[in-house]
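The values are calculated or read from the model by the stated rules, or taken from the named source; none is laboratory data. Bear in mind the structure is a predicted one, so any value in this text is a computation, not a measurement. Cβ placement follows ideal geometry from the backbone for every residue including glycine, while neighbour counts extend to all protein chains displayed.
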Amino acid sequence: MRTTASALGLVALLAAMVVGMFATFGFLGEKAPITSTLPGLEAEATQQQDEQSGVAIGETVTAEGVSWTVTDAFKETELRTYTFPPRTTPGDYVSLIFTAENISEKPVTLNEDSITLFDQAGTEYLPEADRNSTYVEPEKNLLFEESSLIEPGATKEGRVNFGVLENSSGFTARLGDTDPTTSEEEDVNLGL
């Protein structure tokens, strides 16, 4: 009797560990967006929204050697793959369509640190490869594919998807430079 109870206890413990591991790695339920709220960022973001800081969609900003123009931004409740067979992933997303022009005299490479999204509460959203690589055509996936290299004088059109918190609003895109030793950034008020 005692060994049977011990064996059942071990089986229950192992089952709890497996379920916990699946939950930890996101195999159960909807994947949460990658976000962070930095100290003081919430107040800064609220102040920025109050002042309507940042340019509007369609206006061009320059950060170091890259000239950016966000041409469209929209909220989505699912992402659709560009490959066949089509597949959708439900969730809360903000997608940006943009152009990036290399105005420097040397090649630049865009990456996931080049664009950051903030909501009105100051929550920071980072682009993730798994929300972009399968859902954005490679030639427009400028943050995660080989097309991220832009030669001097060249302009490329891109798209990026961000997983966001449900009911979040007041989004601002922060467009940065490609030089990790500097921190030149410009904001675009997305009107969402």
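Some observations on this one:
- Selected residue (only one of Phe171, Phe144 is buried (at least 20 other Cβ atoms within 10 Å of the Cβ), assigned by TED's automatic domain parsing to the domain that holds Arg87, in contact (Cβ under 8 Å) with a residue 60 or more places away in the chain and among the aromatic types (Phe, Trp, Tyr)): Phe171
- Residue under evaluation Gly163, criteria (1) over 23 Å from Ser67 (Cβ atoms); (2) surrounded by fewer than 22 Cβ atoms within 10 Å (Cβ to Cβ); (3) among the small types (Gly, Ala, Ser), criterion not met: (2)
- Contacts under 8 angstrom Cβ, first residue in the range 76-89 being assigned by TED's automatic domain parsing to the domain that holds Glu128 and at pLDDT 90 or above, partner of a type in the set (A, V, I, L, M, F, W, C) and assigned to a strand (DSSP E or B), 6 or more apart: Glu76/Val94; Thr88/Leu79; Thr89/Leu79
- Qualifying residue in the range 84-93 (condition: loosely packed, with under 14 Cβ neighbours inside 10 Å, of a type in the set (Ser, Thr, Tyr) and farther than 14 Å from Ser67 by Cα): yes
- If the condition is being outside any strand (DSSP E or B) and of a type in the set (Phe, Trp, Tyr), then the range 149-176 contributes only Phe171.
- Filtered by the rule that a residue be surrounded by 17 or more Cβ atoms within 10 Å (Cβ to Cβ) and within 17 Å of the chain's Cα centre (by Cα), the range 101-119 gives Leu110, Ser114, Ile115, Thr116, Leu117, Phe118, Asp119.
- In the set Thr134, Thr155, Thr109, only one residue is touching an Asp or Glu at 6+ places or on another chain (Cβ under 9 Å) and not hydrophobic (A, V, I, L, M, F, W, C); that residue is Thr155.
- Candidates Leu126, Leu96, filtered to the one that is surrounded by 13 or more Cβ atoms within 10 Å (Cβ to Cβ), assigned by TED's automatic domain parsing to the domain that holds Gly54 and out of contact with any strand residue (DSSP E or B) (no Cβ under 6 Å at 6 or more places or on another chain): Leu126
- Qualifying positions in the range 118-148 - more than 23 Å from Tyr82 (Cα to Cα) and either part of a loop (DSSP other than H, G, I, E, B) or hydrophobic (A, V, I, L, M, F, W, C) (or both): Phe118, Asp119, Gln120, Ala121, Gly122, Thr123
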